[in-house]
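Undergrad: One structure coming up, written as structure tokens, with questions to follow.
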Amino acid sequence: MSSVDSTHRRAARSILVNGRVLRWPAQPVVVVCVDGCDPAYLAAAREAGVVPTLERMMGDGFAGTALAAMPTFTNPNNVSIVCGAPPSVHGVSGNYYLERETGREIMMLDASLLRAPTILARFSEAGAAVVAVTAKDKLRQALGHGVRGIVFSAERADVCTEAEHGITGVVELVGRKAPDPYSADLSLFVLDAGLRLLETRRPDLMYLSLSDYVQHKSAPGSPEANAFMHAVDGRLGRLAALGARLGVIADHGMSDMALADGRPNVLYLGDRLGDAFGHGAARVICPITDPFVRHHGALGGFVRVYVMRPGLELDEVLRYIRALPGVALALAREAACAEFDLPVDREADIVVVGERGRALGSRAAEHDLSGLVGERLRSHGGLAEQPVPFILSRPLTRAGAARAARSLRNYEIFEYALNECE
């Protein structure tokens, strides 16, 4: 960093990002997003006595329950966290969407939908040393958009370049090879990389985003889930010992969506609409769809419906959907955007949310459930997966505590870590 950059960095005291004035970090601030960490995982791990660091943070710092952004999927919530804003501001409201103009179904793998700057980008532009490490590469470009710093994924840690990622030699730095994308180690590699970067680079601001592989496969309190929480907790303890102010958050919770006999409990809305109104009359998009569908079969608690047949009344389709068993909520576009803070121009004609424990899909023939053989479907996307842990290693100021008692959103974690801690 040049002397000019260093002077700029020392002089900066606050940054304005998406309407939030954020203070310059007095010590390294590390926010860890534990993907899919339903509060039940934390409760079970505490009962088992395997998360002493989190216990200490909850006692000496701050612990609450926040609401995730809707839909409760990975991409919209991670982007919300790094923007400090809901999808109506940043524009990302799913992993997968329908482009109205062309009718193409598109998977979000870059930052092309992003309409707002991120906290990470704004701080890096002002001279802060910024790091973002994600588990899956699908998020890297969105989280790293505009960042002048280090941004890479554990999934592709072995191909990092200075030009694209701001760093080389990641596997050498961490001391082990890039992990299997379908493993708990994908998340642990993120944390290990963060530890090494905190030791060697001492960034001002760091975001570490994990994978929900374990939560999709294992219920709260299971040996696998508790072992994972213990492994995460140990690394949080090491981050704290290195002098970081920690914020721990989740992008969404996780629910069991299987029947008593183990079969997925699914309402295939595309098939039902086809039976009722004719094939092609309506199109169902599952925005949970991403490159990693093996553990959820592209089934979640939230889908979008586009009315395609000319002359088919929206209200008629809405009435039909609302009467189906397993539907918690069906809203027309404007009502859904007002209810869930979504971008109107990117929303479908109808938004459908499933009841707790019920997955929603398109047509049964379009979902590959072979990866679920012998396992219960565990997924997310709906209202049941909105509550998430919100934990800080430092106590809140009196004003911060009063504000948190009124309401908490997961995308406020950076603001609380930077502004509201004693």
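The values are calculated or read from the model by the stated rules, or taken from the named source; none is laboratory data. Every value quoted in this text rests on a predicted model; they were computed, and no experiment measured them. As a convention, Cβ positions derive from the backbone with ideal geometry for all residues, glycine included, and neighbour counts pool all protein chains shown. Only protein heavy atoms, including side chains, enter the accessible area calculation; ligands, DNA and RNA are left aside. Shrake-Rupley method; radii C 1.70, N 1.55, O 1.52, S 1.80 Å.
Undergrad: Out of Gly221, Gly234, report the one residue that is within 18 Å of Val30 (Cβ to Cβ) and either touching a residue at least 60 places away in the same chain (Cβ under 8 Å) or assigned to a helix (DSSP H, G or I) (or both).
TA: Residue meeting the stated conditions: Gly234.
Undergrad: Which residues, counting only those in the stretch 141-179, are open to solvent by 30 Å² or more (accessible area, probe 1.4 Å), under 21 Å from Asn75 (Cα atoms) and in a helix (DSSP H, G or I)?
TA: Result: Gln141, Glu164.
Undergrad: Separate question: Within the bounds of the stretch 64-87, is there any residue that is farther than 23 Å from Val305 by Cβ, of a type outside the set (Val, Ile, Thr), touching a His at 6+ places or on another chain (Cβ under 6 Å) and surrounded by fewer than 24 Cβ atoms within 10 Å (Cβ to Cβ)? Spell out how you get there, then give the answer.
TA: Pass one, the stretch 64-87, residues farther than 23 Å from Val305 by Cβ: 64-67, 78-85.
With the extra rule that they be of a type outside the set (Val, Ile, Thr), the set shrinks to 64, 66-67, 78, 80, 83-85.
Narrowing the set further to residues that are touching a His at 6+ places or on another chain (Cβ under 6 Å) leaves 83.
Going one step further and asking which of them are surrounded by fewer than 24 Cβ atoms within 10 Å (Cβ to Cβ), we end up with none.
No, the stretch 64-87 contains no residue that is farther than 23 Å from Val305 by Cβ, of a type outside the set (Val, Ile, Thr), touching a His at 6+ places or on another chain (Cβ under 6 Å) and surrounded by fewer than 24 Cβ atoms within 10 Å (Cβ to Cβ).
Undergrad: In the list Glu55, Glu105, Glu125, which residue meets the criterion of being without any contact (Cβ under 8 Å) to a residue 40 or more places away in the chain and out of contact with any Pro (no Cβ under 9 Å at 6 or more places or on another chain)?
TA: Glu55
Undergrad: Would you pick out the residues in the stretch 197-206 that are of a type outside the set (S, T, N, Q) and either loosely packed, with under 15 Cβ neighbours inside 10 Å or part of a loop (DSSP other than H, G, I, E, B) (or both)?
TA: Glu199, Arg201, Arg202, Pro203, Asp204
Undergrad: A further question on this structure: Please work out which residue is most open to solvent (accessible area, probe 1.4 Å), limiting yourself to the stretch 90-117 and to residues that are within 24 Å of Val17 (Cβ to Cβ) and among the charged types (D, E, K, R).
TA: Ranking the candidates gives Arg115 first.
Undergrad: Something else: Counting only residues that are out of contact with any strand residue (DSSP E or B) (no Cβ under 7 Å at 6 or more places or on another chain) and either of a type in the set (Ser, Thr, Tyr) or crowded, with 20+ Cβ neighbours inside 10 Å (or both), which one in the stretch 334-345 is nearest to Ala116 (Cα to Cα)?
TA: Here the answer is Leu342.
Undergrad: For the stretch 375-387, does any single residue satisfy the condition of being more than 19 Å from the chain's Cα centre (by Cα) and open to solvent by 20 Å² or more (accessible area, probe 1.4 Å)?
TA: Yes, that holds for at least one residue.
Undergrad: Here's another thing I want to ask about it. Of a type in the set (S, T, N, Q), touching a residue at least 60 places away in the same chain (Cβ under 8 Å) and in contact with a Lys or Arg (Cβ under 7 Å, 6 or more places away or on another chain) - does that describe any residue in the stretch 82-98?
TA: Yes: one or more hits.
Undergrad: Here is a follow-up. Filter the stretch 180-195 for residues that are in contact (Cβ under 8 Å) with a residue 60 or more places away in the chain and either closer than 13 Å to Tyr207 by Cα or crowded, with 24+ Cβ neighbours inside 10 Å (or both) and give the result.
TA: Ser187, Leu191, Ala193, Gly194
Undergrad: Within the stretch 350-357, does at least one residue satisfy the condition of being farther than 23 Å from Pro86 by Cβ, modelled with pLDDT of 95 or more and touching a strand residue (DSSP E or B) at 6+ places or on another chain (Cβ under 7 Å)?
TA: Yes, the stretch 350-357 contains at least one residue that is farther than 23 Å from Pro86 by Cβ, modelled with pLDDT of 95 or more and touching a strand residue (DSSP E or B) at 6+ places or on another chain (Cβ under 7 Å).
Undergrad: When you scan the stretch 317-326, how many residues do you find that are in contact (Cβ under 8 Å) with a residue 12 or more places away in the chain and under 11 Å from Ile350 (Cβ atoms)?
TA: So the answer is 4.
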